[in-house]
1. Out of curiosity, is P163 under 22 Å from G114 (Cβ atoms), touching a residue at least 40 places away in the same chain (Cβ under 8 Å) and open to solvent by 10 Å² or more (accessible area, probe 1.4 Å)?
2. Name every residue in region 369-427 that is among the basic types (K, R), in contact (Cβ under 8 Å) with a residue 40 or more places away in the chain and surrounded by fewer than 21 Cβ atoms within 10 Å (Cβ to Cβ), in order of residue number.
3. What is the one condition in (1) closer than 30 Å to R412 by Cβ; (2) open to solvent by less than 80 Å² (accessible area, probe 1.4 Å); (3) assigned to a strand (DSSP E or B); (4) touching a Lys or Arg at 6+ places or on another chain (Cβ under 7 Å) that T48 does not satisfy?
4. Hey, E343 hits all of (1) assigned to a strand (DSSP E or B); (2) open to solvent by 60 Å² or more (accessible area, probe 1.4 Å); (3) acidic (D, E) but one; which does it fall short on?
5. Looking only at region 439-451, filter to residues that are touching a Ser or Thr at 6+ places or on another chain (Cβ under 7 Å) and of a type outside the set (S, T, N, Q); which one of those is least open to solvent (accessible area, probe 1.4 Å)?
6. Here are the criteria: (1) closer than 30 Å to P211 by Cα; (2) at pLDDT below 95; (3) open to solvent by 40 Å² or more (accessible area, probe 1.4 Å); (4) out of contact with any helix residue (DSSP H, G or I) (no Cβ under 6 Å at 6 or more places or on another chain). Tell me which single one L4 does not satisfy.
7. Filter region 267-307 down to the residues that are among the acidic types (D, E) and at pLDDT below 90, then identify the one that is surrounded by the fewest Cβ atoms within 10 Å (Cβ to Cβ).
Amino acid sequence: GSVLDGLSHATFAADAWFFDGFAPSANPDMWSEEVMKAVAQRSKPGATAATFTVAGAVRANLAAAGFGWEKAPGFGRKKHMLRARLDEAGTVSTDKPWFAAPQARSPGRVAIIGGGIAGVCAARALRASGQDVALVADGGLAKGASGNPAGLVMPRLDADDGPAARFYRDAFLFALETYGALDAEVFDACGGELAMDAAKQQALDEVGLWPAGLLEPGETNLTLAAAGVLRPALAVRALAEGVAVFDARISKLAQDDEGWLLETTDEVQHGPFTSVVLCGGADRTLTEGLPLKPSLGQVDVFEGPSVEGVKTDGTYVAPLDEHLVAGATYAPYTDGPVEPTDENTNANRQAAEAMVGAAFGGSIERRAALRATTPDRHPIAGPLLDEAAAKDAYRGLATGKREDYPPAPYRRGLFALTGLGSRGLVTAPILGAHVAALITGGVSPLTRDIAELVHPARFLVRNIKRGKA
């Protein structure tokens, strides 16, 4: 897309820029005053810029954006080059201050509560950015839905160009890169077929959202050669490599001047931590303010015949070595044991056999687990609000009042990555990188509108606007 459109959706603050947009006379849109102002808005104090060109229009547009510039000796055939500097930080105006990014935290200890795929993806991203990370996992790693014998890495497909469609596309591509770097036994890129009629396939193609060749149309199925089957428990352990993992159940959070203190169920305190990321999934002990609901699901592993790739049509069947895995059931959960049932096994068998057109062998493994879901079915990833302060700050939204609302009153250093629902294996890697970027001030892989799609504040703001807060 155009550079101006890309910058308008970006959320980072850069240290340095290199401008290489071809000659300004041949490509003026890339050197415009609007582009340079967008650059300034996404720069840190003292950010620098350099470029081959010394064209007068470029110098004027840099100056209009607040950059000081100077000519410097060039090299090769270039007699001169430009060096520029922005002394003051840029500011990005927003009509949604409740979604503004929090101030980056200084390097320190980060506690991640939750040992599933969300927790380890956040831990991996934070550790890669140089943070000291402690992963607190009640019962150890992969004890919830991330402990299933297998799970799909298949995208959600929307026939439009909205934030949700782009989010699930980007999440899928990001997940492929993440899992593709792991051992072959962890991720089997066997490909897959998604039941879809010709009209929807044509609509997807006309939007043009997906890279060429990734989606292959058929008469009644859409083929994704890059899709595959993940062994979640193996992936969790591989992604957690090098991260300190502690087996404890956290019952309370407290904050003092030094940071966050974590209290276990046996009243032992740990900390202080500069930041805390809540990744407990269906465990709502520490996320009472978030509209999370548990959903009960079951997957089953059957004896062969195996299948060549994933097949999905509401439910799915996929290869797992010489066996096959089928699932997953989806049912509300209020209370009671979380365990597999013969009824769900029979339902998974019947649906999978109908897709394959063959009878399966005996059941060799089955597992039930809870997923965390949200009212809009999109995950939650980002900083948590001080709810009382936010209700007071934004109460004018209930009557549609237009005013200069203050930036979001966040609970300093507290974040959530949860509510991943049935697509957690696909969305966890990119969301872990997003939360890590928010904590460190790094570059998020999410554009601004997608970050708003998954922001924890969206539910409270909607309720205020509807008079329900």
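The values are calculated or read from the model by the stated rules, or taken from the named source; none is laboratory data. Here the structure is a predicted model, which is why all the values come from computation and not from measurement. Neighbour counts run over all protein chains shown; Cβ positions are idealised from the backbone, glycine included. All accessible areas refer to the heavy atoms of the entire protein, side chains included, with ligands and DNA or RNA removed. Shrake-Rupley method; radii C 1.70, N 1.55, O 1.52, S 1.80 Å.
1. Taking the combined requirement at face value, the residue does not satisfy it.
2. Correct list: R377, K391, R395, R411, R412.
3. Every listed condition holds for T48 apart from (1).
4. For E343, the exception is condition (1).
5. Among them, the one singled out is I439.
6. (4)
7. Among residues in region 267-307 that are among the acidic types (D, E) and at pLDDT below 90, the one surrounded by the fewest Cβ atoms within 10 Å (Cβ to Cβ) is E288.
Table: residues versus (1) among the small types (G, A, S); (2) under 20 Å from A238 (Cβ atoms).
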residue	(1), (2)
D170	no, no
L182	no, yes
G191	yes, no
L194	no, no
V207	no, no
